[in-house]
Amino acid sequence: MYSIQVKDFDRNYDGVADLGVTINLQSGERVLLDDLFDMNGLLTWMYACGRYKENDHLLPVLGLSVTEKDILTHEAQEGVYHEGKDFLEHYVYQWDTFYLYKGKLVTKGKMGIFDFEIPLPEIYEYLEVDPWY
């Protein structure tokens, strides 16, 4: 987990955003959510429980399955990121991140203040790797 100082957009935040970055400790490589889960099943579960809205064109969960480099490239192509705009502040406000913790998947959204903890037994059927406990 990384924490960074950011502007307080709505004055409801403490100005510190937490970013989950998951690393495979055996290989040292970055792990994305689609490396761990069947994303179709997991997203269907998240839609059903109200975590995300289906067919949302700004689905923040996409940040869980692409790297920051991919997001930066996408936003540059869309004209969202431009010189003078702080990418990190936009990133932590727009995209969700995740981390794994003691039998849970934890997604962090919107500046890290909308955490969503999912116990593995609830999403076990979508898991494509050995569970972590």
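Throughout, read-outs are computed from the coordinates displayed, never taken from laboratory work. Keep in mind that this is a model prediction, so the values were computed, not measured. FYI the Cβ positions are ideal-geometry reconstructions off the backbone, even for glycines, and counts take in every protein chain you see.
Structure notes:
- Once backbone amide H atoms are built at 1.01 Å from N, Lys104 has Leu120 as its partners under 5 Å, excluding neighbours fewer than 5 places away on the same chain.
- Amide H within-cut-off set for Val31, under 5 Å, with H built and near neighbours excluded: Thr22, Ile23, Asn24
- Theoretical gain in end-to-end length, Asn55 to Gln26 [0.36 nm per residue, Cα-Cα removed]: 6.9 nm
- Under the Karplus curve 6.51 cos²θ - 1.76 cosθ + 1.60, θ = phi - 60°, whole-Hz ³J(HN,Hα) for the range 119-133, x wherever Gly or Pro sits: x, 4, x, 6, 10, 4, 5, 9, 6, 10, 10, 5, x, 10, 10
- For Asp38 and Lys69, the difference between the fully extended length at 0.36 nm per residue and the C-alpha to C-alpha distance is 8.9 nm.
- Modelled FRET efficiency - R0 25 Å, Tyr133 with Val106, Cβ distances, 0.05 increments: 0.95
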